[in-house]
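These notes concern the structure reproduced below.
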Amino acid sequence: MKTLVINSAEPEVTDFTDPLITMCREMGLSYQLSQWRDLAGSQDIGSWHAVIISASPMGNNANFEERLHAFRWLKNTQNKVFGICAGHQLLGCSFGSKLIQNKESERGMHKVRIHTFDPVFQNTENEIEVLQQHHDSITLPDDFNLLARSDRCRIQAMKHKERPLYSVQWHAEISTLKIISNFLK
């Protein structure tokens, strides 16, 4: 399986992509790392079987509109996509979510409850402890189903109703790689 890992942070920030690259290697997947700025102007993400959009550092939404423009291909893609933290926000806002700033922020380990079972949660508990590092969150876009929530953040995980587009607000690359592995399988 060919997997594209997109760094939604700046190139020098690899904390969020390194665990994803390691996971791809361990799974024996063909992969490529790309920077979000390299996608500017792209209408098609190509022949990748799966795309993972990484997290970015907290408070990195100063250039959110510029980044959102680089991800406009999300609206029409047929690729499998998994967004993490900032990737979750970019995916949601590409489909009409509102960005909620500084109202549902979380830091540290928090419990998330599975709201709707999906195969990406296979071999996990109904309540999982995950690493959170976000100031911002999103509303649920019309084309998506809610998969998980927490006491503070209403949209912790979601999936498109018709396409294989998933995202989580928490740092799955650190605390729940099993969910990303399930997605890739």
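The values are calculated or read from the model by the stated rules, or taken from the named source; none is laboratory data. Keep in mind that this is a model prediction, so the values were computed, not measured. Cβ: placed from backbone, ideal geometry, glycine included. Neighbour counts: every protein chain shown.
Observations on the structure shown:
- Search result, residues across region 92-136 that are within 14 Å of residue 170 (Cα to Cα), surrounded by 13 or more Cβ atoms within 10 Å (Cβ to Cβ) and of a type in the set (A, V, I, L, M): 112, 114, 128, 130, 131
- In region 161-184, of all residues being out of contact with any helix residue (DSSP H, G or I) (no Cβ under 8 Å at 6 or more places or on another chain) and either among the acidic types (Asp, Glu) or without any contact (Cβ under 8 Å) to a residue 24 or more places away in the chain (or both), the one that is surrounded by the fewest Cβ atoms within 10 Å (Cβ to Cβ) corresponds to 162.
- Top-ranked residue in region 1-28 [being charged (D, E, K, R) and not in a helix (DSSP H, G or I); ranked as surrounded by the fewest Cβ atoms within 10 Å (Cβ to Cβ)]: 12
- Of residues in region 73-83 being out of contact with any strand residue (DSSP E or B) (no Cβ under 6 Å at 6 or more places or on another chain) and not in a helix (DSSP H, G or I), the one surrounded by the most Cβ atoms within 10 Å (Cβ to Cβ): 77
- Failed item in (1) farther than 20 Å from residue 81 by Cβ; (2) assigned to a loop (DSSP other than H, G, I, E, B), with residue 162 passing the rest: (1)
- Selection from region 14-55 of residues that are at pLDDT below 90 and over 17 Å from residue 81 (Cα atoms): 37, 38, 40, 41
- When we screen 96, 92, 59, 108 for residues that are within 25 Å of residue 154 (Cβ to Cβ), modelled with pLDDT of 95 or more, of a type in the set (Gly, Ala, Ser) and in contact with a strand residue (DSSP E or B) (Cβ under 9 Å, 6 or more places away or on another chain), the only hit is 92.
- Take the conditions (1) part of a loop (DSSP other than H, G, I, E, B); (2) under 17 Å from the mean Cα position of the chain (by Cα); (3) more than 20 Å from residue 9 (Cβ to Cβ); residue 45 misses just one of them, which is (3).
- Checking residue 140 against (1) buried (at least 16 other Cβ atoms within 10 Å of the Cβ); (2) in contact (Cβ under 8 Å) with a residue 40 or more places away in the chain; (3) within 27 Å of residue 30 (Cα to Cα), the condition it does not meet: (3)
- Per-region count, region 91-133, residues touching a Gly at 6+ places or on another chain (Cβ under 7 Å) and either among the acidic types (Asp, Glu) or in a strand (DSSP E or B) (or both): 1
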